[in-house]
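Read the structure below first, then the notes.
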Amino acid sequence: MKRLIVHTLLALAASAQAGPGAHDADGRQLAAPAATAAEAPARLPDGSVALPMPVQRRLQIRTQLAAPGEAARSVVLPARVVMDPNHGGRVQTATGGTVRPGPRGLPLPGQKVRKGELLAQVVFNASPVEAANQRAQLAELRSSLQLARQQAERLQSLEGTVPRKEIEAALAAVQSLAGRERALAGSVGATEALLAPVDGVVARADVVAGQVVEPRDLLFEIVDPGRLLVEATTADPAIATAVVGGTLEGQPGVELTLLGAARSLRDGAMPVSFRATVRGRDGLPLALGQPVQVVATLDGRVTGIVLPAAAVVRNAANEPVVWLKTGAERFVARPVRVQPLDATRVLVAGVEAGVRVVVQGANLVAQIR
């Protein structure tokens, strides 16, 4: 009996200290001890967050000391992606008519095309009256051409008895009538070839076989996906003339090169153009017409607390905040004013130098309830 009691006590002690996957002396699996409430993250009544160290390591929370720094002045401008006029083009019809597919069929959006490639043909549609007048004129010209040729042949057969100038005049009349006949015959059932203006990708195709189009209708849009422009706008001419560079907000891999600012207002705003490039890829992760935000760099310098953009998150009231680490396992949200510097850095106001700010995993801390 004593040996049975001792064996039972040892088994209970082993199960109390065993980890996940442990077994007792008889080979039975032991249950893992339940996590205590002190080891779970929690939102405290004052709005701060208690985050145990093991949880911080699992969430990969990283902090850094806030230190004053210096950076170029910047401003966020609304912008959109536009076509580079030197590496893109639009295909329109000048006459209008019925669309007929090219040798490869009608191109589809995303299809690659070469400069000069036949995309489609437009067959001119004349009214019945116009078509009848063309056929009548053509018949009249052909009759006149036949008579002129017969007259020229008779004069050539009498060469030596008639003046040379009459023979030359008859031959010139034949050439003139033949040219007019060819031109009028070509206009009957004429077709207009729609050619690709540049090498690139079909960004837009608004046409189907048999569709009747009007003159100047936009049928195809060709764009080079690796050569796009970003056009920002501002209502302040002083800002437009002070821009020296820029980056795309949320697109750290895209580089912008300033091309220049316009000197006239368009719809009450002044355009500022940038060339967009990306390293290591053929095409840009941008679409024609896509709205974007440009962090424009201005001339001049500003000082303040410079932090990574990932350190700033939104609270329940949609206010920008940063999370401060006030203790080993305690985090407090601090409302701040934010000014973007580029695609990865921001300038914050409302944080003192020397405090420890969460720069990685701030969005995970904000989600703890």
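The values are calculated or read from the model by the stated rules, or taken from the named source; none is laboratory data. Bear in mind that the values here come from a model prediction, so they are computed numbers and not experimental data. Here the Cβ positions follow ideal geometry from the backbone for every residue, glycine too, while neighbour counts run over all protein chains shown. Accessible surface is based on the protein model in full, side chains and every heavy atom, while ligands, DNA and RNA are left aside. Shrake-Rupley method; radii C 1.70, N 1.55, O 1.52, S 1.80 Å.
Just a few scattered comments:
- Given (1) in a strand (DSSP E or B); (2) touching a residue at least 60 places away in the same chain (Cβ under 8 Å), index of the condition LEU324 fails: (2)
Yes/no matrix, rows are residues, columns are (1) of a type in the set (A, V, I, L, M); (2) free of Cβ contacts under 8 Å to residues at least 24 places away in the same chain; (3) closer than 22 Å to SER74 by Cβ; (4) loosely packed, with under 12 Cβ neighbours inside 10 Å:
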residue	(1), (2), (3), (4)
SER264	no, yes, no, yes
MET270	yes, no, yes, no
ARG275	no, no, yes, no
VAL278	yes, no, yes, no
PRO291	no, no, yes, yes
VAL295	yes, no, yes, no
LEU298	yes, no, yes, no
ARG301	no, no, yes, yes
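- Residue check, GLY260 at pLDDT 90 or above, in the same structural domain as PRO78 (by the TED database) and open to solvent by 20 Å² or more (accessible area, probe 1.4 Å): yes
- Every pair of residues 6+ apart whose Cβ atoms lie under 9 Å, when the first sits in the range 36-50 and is closer than 18 Å to VAL358 by Cβ and open to solvent by less than 40 Å² (accessible area, probe 1.4 Å) while the second is at pLDDT below 90 and assigned to a helix (DSSP H, G or I): ALA50/ALA38
- Among the residues making up the range 225-252, those that are part of a strand (DSSP E or B) and within 13 Å of the chain's Cα centre (by Cα) are LEU228, LEU229, VAL230, GLU231, LEU248, GLN251.
- Strands (runs of 3 or more DSSP E) wholly inside the range 64-144 containing at least 2 residues that are over 30 Å from VAL348 (Cβ atoms) and open to solvent by less than 20 Å² (accessible area, probe 1.4 Å): 88-92, 97-101, 118-123
- Only one of the numbered conditions (1) at pLDDT 85 or above; (2) in contact with a helix residue (DSSP H, G or I) (Cβ under 9 Å, 6 or more places away or on another chain); (3) not aromatic (Phe, Trp, Tyr) is violated by ASP199, and that is (2).
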